[in-house]
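Comments concern the structure below.
The values are calculated or read from the model by the stated rules, or taken from the named source; none is laboratory data. No experiment lies behind these values; they were computed from the predicted model shown. Neighbour counts run over all protein chains shown; Cβ positions are idealised from the backbone, glycine included. Heads up: the accessible areas ignore ligands, DNA and RNA and are worked out on the full protein's heavy atoms, side chains in. Shrake-Rupley method; radii C 1.70, N 1.55, O 1.52, S 1.80 Å.
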Amino acid sequence: MPIEHRYTGRSRDLGGGFRVRRLLPGHPRQGVGPFVFFDHFGPITVRPEDDFDIRPHPHIGLATVTYLFEGAIVHRDSLGHVQRIEPGAINWMTAGRGIVHSERRPPDLADAPYTSHGLQLWVALPRTEEECVPSFVHTSAASLPRWTEGGNTLRLLVGSAFGRASPVATLMPTLYVDVCAQAGATLTLAASLGERAVYPIDRDLVVDGVTVPAQTMALLADAADAAVSAPAGARYVVIGGAPLDGHRFMWWNYVSSRRERIDEAKLAWSAQTMGHVPGETGFVPLPER
């Protein structure tokens, strides 16, 4: 079978009625390549009265990867970075031993409705890099490879594929591609790309004759190439890369190969010793569970 498993996702409320579809972590595989977390939010109309801002909160042992289809977000972190995120760009924040950040509505969008739509993924860091120095890198849409072939318009967000390479630096082989397919277009995903999954954003796909409904993630079989077609046209992403080097414990915003490290991070956040975002006063408290 070309598809090893399907993830249908589950709805989660991040606060204030802002809901996401969460596809990863999953079972039987925790993730796909180094990706261990996958949230799809929107499209949703954000109105002036809505409170969808995400206050300062911590991360360890992972990198957050934010990508927008519509709208804008302002990222602020405890390293002092302030960055507006817009469609087509990649925000890569490496938490390592610990970082704190917030994600808020841009001031220029405060008084008018706008559409918010995008993805936030987490990449688990290699065991040897889990406690690395935190960092943040923003890569503009114009800096990412973009081309058209066979009725598909592709943007290579992260990794190397199709004879091209993204400028986004990673700590292990990682693949992330945004595809806009015309009706009837087909794209071959080679087995040599590593672990692979496809996620149709808006319309159904067909993988080697098997239908993948919109907003369902299909984990592809490792040993064979796969032909992905869009009978009615579709936008979809491909994620994957090298297999993760072992199981990860995940709790709230923390990822680690050691359960005790997560317990340490819980205490650090409760004591507010993980850092502070300049200009921010509030924060998300440690969950009770």
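Name the pairs: first residue in region 270-287 and at positive phi, second residue small (Gly, Ala, Ser), Cβ to Cβ under 7 Å, at least 6 apart or on different chains?
Final answer for the pair search is GLY275/SER78; GLY275/GLY98.
List the number of the failed condition for VAL255; all other conditions in (1) in a loop (DSSP other than H, G, I, E, B); (2) open to solvent by less than 60 Å² (accessible area, probe 1.4 Å); (3) touching a residue at least 12 places away in the same chain (Cβ under 8 Å) hold.
Unmet condition: (1).
Answer yes or no: is there a residue in region 7-26 that is in a strand (DSSP E or B), hydroxyl-bearing (Ser, Thr, Tyr) and at pLDDT 95 or above.
Within region 7-26 (the criterion being in a strand (DSSP E or B), hydroxyl-bearing (Ser, Thr, Tyr) and at pLDDT 95 or above), the answer is yes, since at least one residue qualifies.
Tell me, yes or no, whether region 103-116 has at least one residue that is open to solvent by less than 30 Å² (accessible area, probe 1.4 Å) and either among the aliphatic types (A, V, I, L, M) or within 25 Å of GLU260 (Cβ to Cβ) (or both).
Looking through region 103-116, none of the residues is open to solvent by less than 30 Å² (accessible area, probe 1.4 Å) and either among the aliphatic types (A, V, I, L, M) or within 25 Å of GLU260 (Cβ to Cβ) (or both).
Can you tell me how many residues within region 127-148 are among the charged types (D, E, K, R), farther than 22 Å from GLY88 by Cβ and open to solvent by 50 Å² or more (accessible area, probe 1.4 Å)?
3
If I go through region 258-282 residue by residue, how many of them are among the aromatic types (Phe, Trp, Tyr) and open to solvent by 80 Å² or more (accessible area, probe 1.4 Å)?
Residues flagged as among the aromatic types (Phe, Trp, Tyr) and open to solvent by 80 Å² or more (accessible area, probe 1.4 Å) within region 258-282 amount to 0.
Pick from GLY184, GLY151: which is within 15 Å of TYR236 (Cβ to Cβ) and open to solvent by 40 Å² or more (accessible area, probe 1.4 Å)?
GLY184
Here is a list: PHE37, PHE41. Which entry is among the aromatic types (Phe, Trp, Tyr) and out of contact with any His (no Cβ under 9 Å at 6 or more places or on another chain)?
It is PHE37.
What is the number of the single condition among (1) closer than 23 Å to PRO25 by Cα; (2) in contact (Cβ under 8 Å) with a residue 60 or more places away in the chain that ALA224 does not meet?
For ALA224, the failing item is (1).
Go through the residues of region 117-126 one by one and say whether even a single one is out of contact with any Phe, Trp or Tyr (no Cβ under 8 Å at 6 or more places or on another chain), open to solvent by 20 Å² or more (accessible area, probe 1.4 Å) and not acidic (Asp, Glu).
No; the residues of region 117-126 include none that is out of contact with any Phe, Trp or Tyr (no Cβ under 8 Å at 6 or more places or on another chain), open to solvent by 20 Å² or more (accessible area, probe 1.4 Å) and not acidic (Asp, Glu).
If SER102 satisfies all but one of (1) under 27 Å from ARG6 (Cα atoms); (2) part of a strand (DSSP E or B); (3) small (Gly, Ala, Ser), what's the number of the condition it fails?
Result: SER102 passes all but (1).
Select, from GLN30, GLN83, the only residue that is open to solvent by less than 70 Å² (accessible area, probe 1.4 Å), part of a strand (DSSP E or B) and out of contact with any Lys or Arg (no Cβ under 6 Å at 6 or more places or on another chain).
Residue meeting the stated conditions: GLN83.
Restricting to strands (runs of 3 or more DSSP E) lying wholly in region 174-242: which have 1 or more residues that are touching a helix residue (DSSP H, G or I) at 6+ places or on another chain (Cβ under 9 Å)?
Result: 174-181, 217-220, 226-230, 234-241.
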